Structures are given as C-alpha cells and as structure tokens.
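Only one structure is covered here, and it is reproduced in the block below.
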Amino acid sequence: MTRALLLLIGVECLVGGWWIQRHRHAVRPPLPNLTEVDRVTAAEFRERSGGARSTDDWFKLGEDYLATGFFPEAEACLRHAAGLDPTAADIAYKHGFALERIGRISEANAAYHLAADRKHPRAKDCLYAIGRNHLRLEDLPAAEAAFARIEAMPGARLERAILDARAGRTAEAEAAAKLLAAEFPTAYPPVALRIRLAVARGDGAAAATLSDAFVRRARPLPTPFDTDVDWILRRASAVGRDRLFRDAGRDAQAGRTAEAEAKLREALEARWSSEIADRLAEVAFVRGRRDESRRILAEAVERGGPSVAALWRLGQAEDASRDPTEAIRTWERAAALVSGPEGQELLLDLAQAYQVRGDQSQINHYRARATLAAGIENLDRGAYDVARQSLEESTRLDPRSPNAWFELAECHRLAGRAADARAAYARCLELDANHGRAIRARALLSD
Amino acid sequence: MAELPPNPRQPRRVQALFVVALLIPVLAGIAPYVLPGTPLPVLISPVSHFPPTSLAFAAQTLGPAPGPRPRIANVRIVDLDRDGRPDVLACDAERNRVIWYRTLPSGSFEEIPLGDEVSAPVAAVPVDLDGDGDLDIVAAVLGNVLPTDARIGRVVWLENRNGRYINRVLLDNVRRVSDVQPGDFDGDGDIDLAVAVFGYNHGEILWLENKGGGQFRDHLLLATDGPSHVPVADFNGDGKPDIAALVSQEHEEVWLFENAGKGAFTPRRIFESANFDLGSVGLVVADLDHDAKPDLLLVAGDNLEVNHHYPQPWHGCLWLRNGGAGAFDARRLASVGGVYAAAVADFDGDGDDDIVLACMFNDWSRPGAASLVLLENDGRQNFTVTTLADRPIHLATVAAGDLNDDGKPDIVAGALNLYSAAAERTGRLTLWLQTTGGRP
C-alpha cells in the first residue's frame, strides 16, 4: 500500500509539476493602469482580467476595454482571441478596430481584410474602413481603389467626390455631391463639399445659396462608423460605474426610486461627477427630500461649476424649499448664461416666479426669451409651423428685439412666405441696421 | 520463528501518504487561479515619451487648487493694466469666468474675475475695442465644452470702464464660438473682429465690422463645420491684415482670407490633409525663420473620435512656412501625441525661436507621458523634442513670456479635464518659471 501510494504521489508530482509550470507561463490579460479609474469599474476589470480562459472571455474583455478607452489593452486581448480562433470574422473585425484606435493603420487594414475574407456580415464596412485608413496614411490611390469597390455606399461616394475635388476633377465632384445632396436631403456633408467647389471657382452667389442650404441640413451622411460608435457607447454603459448610472436611470423611470438612489449613491461614492450628483438630486427631490436635493445641487455647483442645468435645478430645489427669493436669484444667474434655444423651461420658471410677484415687465421679458428660445429650437429642427407660433408670440411680448424679428423672418422665408419674411426682415433692420444675417438672408429672397 | 509484531506507525504513514496523494491534485487544480501568469504585452504609443529637457524650470500653481475636473480653456500673457508687469489672462470654462491674474510688485498674483459669468469662455483677447485708451477684453463663448450643434455661442465684449468690466453681447444665437481675433479689416481706423463659429455639425467663419458705438455688423466668409481658430496677420505683406482659419472636423484645412481692402476678402485654401483624423486643434502665428513673413504653426492632437482618446502617430506640430505672396508650404516639425496648443519663445537664449507644446490627449495611463514638450531649435528650424513636464496632465492651452522680468521666457499652461485624474496629476493653472538657460 505504501509503495502504491508513493508511486501515485510520484506520478502526481510529475503531472502536477508539468501542469503548474504550464500555468506559470500562461498568458494572462493585461490589466490597464486603474489608478485613475473609479473603484467600481476598477474592481470589475481586476476580477475579469484574472479569469480570462476561453476565446470568448478574451474577446469580451477586449470589447469592454475598447468601450472604456483602454485601447492598447483591448488590442492585446483581441489579438490573443484572434490567435485562439483565426477563423472568427467578428474577432478580426474588432481587432482591426482596436488597431485603428492606437494608430496601427496598416495592421488594422490587414485585420479588416481578414474579416472580409472570413465573410464578415459587414464585409463592405470593412472596405470602407480600409479606404478611410488609406486616407489616414494619405495614400490616395489606395483609398480610391477601396471606395470604388463599395461604390453604392453613400459614405464611399462622398469620399470619392472629395478625392475627385482634390485631384481637380471638379465637374465629377460637383455632380457626385449634387446627387448625394438630392438623395439625402437632410445631410450636410455633400453641401459642404459643394460650397468649397463654389468658392474655388469664385461663384459667390452659389456659395451664398449653398451656405443657406448647409445650415438647414441637420445630419451627417450615414456611414458604417455610426454602427461602431453605437455598439461602443452601448457597451460602455454596461461596464462599471456607467452601468450603475444607466441602471439607476432605468429604476427611476420605472418608479423604483429607492433602488435608483442606492445605485446613484454607490456611483457617486466611486467617483464624484456633477452629472451623477444632478441625477441623485432629482431622485431625492422626487422622494420628497427637497432640502437634501438642494444641498446636493449646491455642492454640484460649487464643485463642478455653475452650469445652466445645475443652476436651474438648484433654483427648483430652492423654490420647492419655499425660498423663492433665492430661487429667482439662482435662476437669473442661469438666465444670464443661456443663449439660443437653451433654457426654455428655466426662463418659463422665471416668468412664473415673477407672475407670483405680479411684475409684468419681468414676466413679459422672460416669456419673450422663452418663446424665442422655443422658436429657435423648432426653426433649427425644421418645424416651421410650430416655430412660427413661438416667434410671433416672442415679437408680441418684446417688439423691440431684432433677433426675434430675424428668427421670425427666417421662419417665414423657409416656409415659403416671402412677403411675410420681407416684412419681418424690414422690422429687424429698423431695430438693428447692422444685423448682417438679416441682410444676407433677405438677399436670398427672389424678387 | 515468531511473527514480528505489526509496526504501529504503519497505518499513520499510509494515512499521511493518502492525504498527500489527495492534496497534490487539489493544489494543482487551484494553481491556475493563483499563479500570476505572464501578462500579454501591449503596444505602446511611440509619440508619448521623450528625453527630458536640459533647461530648468520651477513649477508652481497659479490661482486656487483644482477641483475634480478643472477646465481652463485659454491662457494668455498680457500686461492688462499696463503697469509694466505681465499678467495672465485665463478663460475658466468650469467657473464660467474670464479671470485676470494680476502680477503684484511682490511677484505674486491677485485673482480678479472680469465682468459677469459667461458660459464656457474659450478665448479672451485684450484689445481697445472702443478706442478709449484702455484695454477691453473680447471673449469667444462656446456655451458648452461638450459637443452640441445648438446655437448657444456668443461673442462678448467685456468693456473696460475705469477698471470695471461690463459684459456686452456683440453676437449671439449662433453656434458655439471658439475664437475671436481683432484687426482693422476695412481700414477705417477702428477695430473689427474675426470670429470662428465652431459649432459641431455646422459652423462659419465671420468678420464683424465695427460700426461704432458698440455696434457690429456680421459678414460671412465661409460656411463650414469645424472652424476653430482665426489668427490675424498681414500674411501677404500688402499692409492689410488677413485672416487665417483652421478648419477641422474631418476637413483638416487651413484657409487664408486675403484682405482685398474695404471689407472684401479673397478666400484660398493654403493647406489640406487627406488624413481626416489629423486632429488639428490649434493655429498660431509665428515668424519661425525670422524672414519678416508671418508663418503659421498648426498643432494636431485631438482624437475624441469615439468616446476616449489615444495619441496618434500623426499628432504633433506642423510649420506652414510663408514663402511670400500668400504661398505656404508645410513641413512636420515633430510628432507628439495629443498636442492641443503651442507657444513660441527663445527658451534657450540662442537667438532662434523654440516651441513649447501642451498635450491634452497623450497616453496618460502610462507614467512619464509628456504633458509639456519643448522643441529646441538648432537655428535652422530643425527641432529636438524633449519633455519639459509630465504633470499636470490634460493641458489644453499654453503661453510663453517673461513673467518675472529675469530675461528668460517662462510658461503658463491650463488644464481642461474631460475626465478625472489622480490628484497628483491634476492641475488647473500652472506656471513654469525658467531658472536656467536664458540670457538677459
């Protein structure tokens, strides 16, 4: 029995020794420098970096490093995952994406080629990325060749038009940009190219017309990069402290305020930020702890700076704490900072606060500003009918505001009401003869 | 023969061996979870670490200690009160103030906020806008340092009335304004303004014609996304101030608006890069080769393409050399990660201009990544790249000048933290007073 056990122990030592030696030299995921990362996220990464075993473990850790900005570590994990499973197209794609983030452009392209060869479902997007990478390397012929292979893709078409313009093929560039602008009526990049072409040929009138169109087109052209950004942001919100913040928001929306508060406190304790403090103050307010909400917001203003949003909420907390004088003071401080479409609700709160005091002049002043802000927002969204109502109200409340008359004139012009537009521009310029935007816009009206 | 009695120790020995035989596989089983293993090597940025400079500087904090995320968007050295002592003018986008750090006779500084709060000021230029003999301030107001296309930008004049600064809005309801620079563009003797409206998806380059009495008329030079800086100088030597404009947001161009007189400009693109990811983020006028023609330094280091940054090999400093008559040729001076700003001075006192670069988006996760870099000129515009400081980090703006009247150029830099950093690497405003290397 003793001999048998000794023999067994001998075999175990040999096998065990080999096993331990193997794992001593086993590759482990790199751990980023976590000294400046909040402790919730740091703890999560420490745990996960110790446990990566399978290809999937390495891949998912690489994706999470990518989403949280640890690009070299992401590239290392994805590189290892690609080595473990060289046939996996998505690993190759993400590895290419990670290489791109750290500026290893040629290697990124090799990875994208691999992904495309492996029949990645986004094989055309790989070609787009390859083309863009050639632009990063300023290799224009290679970029042109890559984009030519995906000639139907809008992003590729725009890039080819830009390359045409750069090469002096201005007629081709103009034609391609014009077609893209027609197919994507809300996209501004083709118009930005057309403006440059017009300036280059000295056509000031065309440049002016195109400049007006440029402003009205709100969106970029769709590109494959949008998909990448979406998954990165989604992934980032599922990691560490950001996950707590996301889940707290979901709890709050579902009415689970206690759970929301617990998560927000944990997130805030991990690392203070004014955004989390603001959300915590909102939850505290909803739960009836208005004084505490006020305290949190006052701290947010002190530590994070007097932003419009923080000041507005602080004023609301002060108002709810039956301190309307302080609320007005805080709101007026915020109102001095807002411009354009910003702060509509803040301005209405001020108008309401003065309503209680019966100060008609201030009521009109803040309502005029609030309706102007609303009008600008809707004008910029292309909602001209809604904008019109707000802007007409604004000019009624403050008939001496040249900006309000200008925005109303723009609203009329863009809605096709030329006569109304001319009248509003005229009123604007009576009040401010130097309103350059009004002068330029009026010139765009056909006689 | 009598039988030997059984060995009383034998059963215990067997038990012990049995236990050992059980333990060995258990220990081997947990080994993978406790042994350190070999960390996978990571690729390191090649543009983040440089040898230390041979010049000596003593760093000190200017103003209050930083909060969790200080946001100084712009610094400038200027003798605002014309008392013979250069001061520091700073745009604080966290406190929403333009702040004057006035140099006292003792050499210390007094913090004086100017005017009322403005939402995220990012440029403040001292200029006598109303011609009354004192220096006013004109500020570019972004409205928000975070990306937005909303029309929340402004140009604000802080009018100096006997030392008290009064806010007057010269332009509003435009997209985020990132720069404003003075110049008499129409040659009528008063100061006009060049304006960069960066926005986000939409922007424009304007000039504001001074009509007197605080009234300005805006003129459009170019509608485009991404104009960030509009430095003014007589680039073509015809005696009239021209406007250069840096346009990023994937365009990566520099435009020159040559002043044709009486408010007319001829636009021309003098630089463009096919690399849409160049990350151009600063444009500075400097006659680097001392040929009496103003050149331009372009710095590139922006890289927030997704939600986090990383230094790219093409980041750094380019020299757009003015060859005369508005012709420029581009030459890369240095590759440095995450550069956001540059300033020029003869730091080593050898008669040529050196350059200091401030880094906002370098590889901060690795110790020793440079936040302040010195490019030392050999006299022929060849530059040696050295690290002047590796903290504080996230430096977005830098200025150079002799702050303590010892004949040696000093440096002031401001940090703009989009993310938090460790306390020992977080700064707000930092001075580097040169202690060696200059000659009176």
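Annotations for the structure displayed:
- Solvent-accessible area, 1.4 Å probe, carbon plus sulfur percent, for chain B: 53 percent
- Cα gyration tensor shape for segment B:200-300, rounded if a/c is under 1.5, else prolate or oblate: oblate
- Amide proton proximity set for B:Thr435, modelled H, under 5 Å, gap of 5+: B:Ala56, B:Phe57, B:Ala58
- Heavy-atom surface of segment B:197-310, accessible at 1.4 Å and reported per residue (Å²): 29 Å²
- A convex hull fitted to the Cα coordinates of segment B:301-440 yields 126 cubic angstrom per residue.
- Cα centroid of segment A:29-100 to Cα centroid of segment B:126-171, whole Å: 47 Å
- Calculated SAXS-style log₁₀ I(q)/I(0) at q = 0.14, 0.29 Å⁻¹ - segment A:233-287, Debye, Cα scatterers: -0.30, -1.17
- Note on segment B:214-264: Cα Rg divided by 2.2 N^0.38 Å, N the number of residues, gives 1.24.
- Segment A:1-59: translational diffusion in µm²/s, Stokes-Einstein, Kirkwood Rh over Cα pairs, 10 °C, 1.306 mPa s: 109 µm²/s
- Interface burial in segment B:115-130, defined as at least 40 Å² less accessible area with all protein chains than with the chain alone at a 1.4 Å probe, covers B:Glu117, B:Ser119.
- Fraction of accessible area attributable to carbon and sulfur, chain A (%, probe 1.4 Å): 53 percent
- The calculated P(r) of segment B:337-420, using every Cα pair and 5 Å bins from 0, goes 3, 16, 25, 23, 17, 10, 4, 1, 0 in percent.
- Per residue, the accessible area of chain A comes to 45 Å² when a 1.4 Å probe rolls over the protein heavy atoms.
- The heavy atoms of B:Cys91 offer some 0 square angstrom of accessible surface to a 1.4 angstrom probe.
- Whole-Å semi-axes of the ellipsoid equivalent to segment A:343-447 (Cα gyration tensor, √5λ, descending): 26, 14, 9
- The Cβ shell under 9 Å around A:Asp319 holds other residues with a net charge of -3, Lys and Arg each +1, Asp and Glu each -1.
- Residues B:Asn382 and A:Thr55, FRET efficiency given R0 of 30 Å [Cβ-Cβ distance, rounded to 0.05]: 0.05
- Overall Cα dimensions of chain A, principal axis frame, Å, largest first: 109, 67, 30
- If R0 equals 25 Å, the separation of the Cβ atoms of B:Ala58 and B:Tyr419 corresponds to a calculated FRET efficiency of about 0.35.
- In percent, rounded to a whole number, the relative contact order of segment A:122-222 is 20, using alpha-carbon pairs under 8 Å and six or more apart.
- Annotation: peptides A:423-436, B:238-251, ranked by per-residue average of other Cβ atoms within 10 Å with the highest first, follow the order B:238-251, A:423-436.
- With only the Cα atoms considered, segment B:1-145 has a convex hull volume of 337 Å³ per residue.
- Formal net charge of residues neighbouring B:Ser371 (Cβ-Cβ distance under 13 Å; K, R +1; D, E -1): 0
- Using a cutoff of 8 angstrom between alpha carbon atoms and counting only pairs six or more residues apart, the relative contact order for chain B works out to 13 percent.
- B:Arg168/A:Ala320 FRET efficiency (R0 45 Å; Cβ-Cβ; nearest 0.05): 0.80
- Interface of A with B. Using a 1.4 Å probe and counting protein heavy atoms only, the two chains hide about 7400 Å² of accessible surface, both sides summed.
- Extension gain, A:Thr87 to A:Thr227: 0.36 nm times the residue separation minus the Cα-Cα distance gives 48.1 nm.
- Radius ratio Rg over Rh of segment B:62-137, counting only Cα atoms, Kirkwood formula for Rh: 0.97
- Above-threshold pairs, the threshold being 26 Å between Cα atoms, out of A:Lys119/A:Lys178; A:Lys94/A:Lys178; B:Lys240/B:Lys408; A:Lys178/B:Lys240; A:Lys60/A:Lys119: A:Lys119/A:Lys178; A:Lys94/A:Lys178; B:Lys240/B:Lys408; A:Lys178/B:Lys240
- Averaging the sequence gap over all C-alpha pairs within less than 8 Å and six or more residues apart, then dividing by the number of residues, gives segment A:42-214 a relative contact order of 10 percent.
- Segment A:394-420-segment A:111-185 distance, computed between alpha-carbon centres (Å): 42 Å
- Here the spin labels are modelled as points 7 Å beyond Cα on the Cα-Cβ line, and at A:Gln352 and A:Ala175 they lie 5.9 nm apart.
- Reported value for segment A:42-214: 132 Å³ per residue, from the convex hull of its C-alpha atoms.
- Translational D in µm²/s for the protein assembly as shown (Stokes-Einstein at 25 °C, 0.890 mPa s, Kirkwood Rh from C-alpha pairs): 82 µm²/s
- Heavy-atom accessible area per residue - segment B:29-149, 1.4 Å, Å²: 40 Å²
- Summed residue charge, Cβ within 12 Å of A:Arg234's Cβ, Lys/Arg positive, Asp/Glu negative: -2
- Quotient of Cα Rg and 2.2 N^0.38 Å for segment B:250-303, N being how many residues it contains: 1.33
- With Cα atoms as the point set, segment A:165-296 shows a radius of gyration and Dmax of 24.1, 66 Å.
- Stokes-Einstein diffusion for chain B, with the hydrodynamic radius set to the Kirkwood value over Cα pairs and evaluated at 10 °C in a medium of 1.306 mPa s, equals 67 µm²/s.
- Spin-label model, A:Arg329/B:Leu104: points 7 Å from Cα along the beta carbon direction are separated by 2.8 nm.
- Between A:Arg422 and A:Ala152, the simple spin-label model (points 7 angstrom out along Cα→Cβ) gives 4.9 nm.
- Set of segment B:55-83 residues, backbone N closer than 20 Å to the point 7 Å along the Cα-Cβ line of B:Ile112: B:62-64, B:74-83
- Each listed q (0.12 Å⁻¹) maps to a log10 I(q)/I(0) for segment A:239-337 from the Debye sum over equal C-alpha point scatterers, namely -0.37.
The values are calculated or read from the model by the stated rules, or taken from the named source; none is laboratory data. Predicted model, so just to flag it, every value in this text is computed and none were measured. Note that we place each Cβ from the backbone using ideal geometry, even for glycine, and neighbour counts take in every protein chain shown. What goes into the accessible areas is simple: the full protein's heavy atoms, side chains included, and nothing from ligands, DNA or RNA. Shrake-Rupley method; radii C 1.70, N 1.55, O 1.52, S 1.80 Å.
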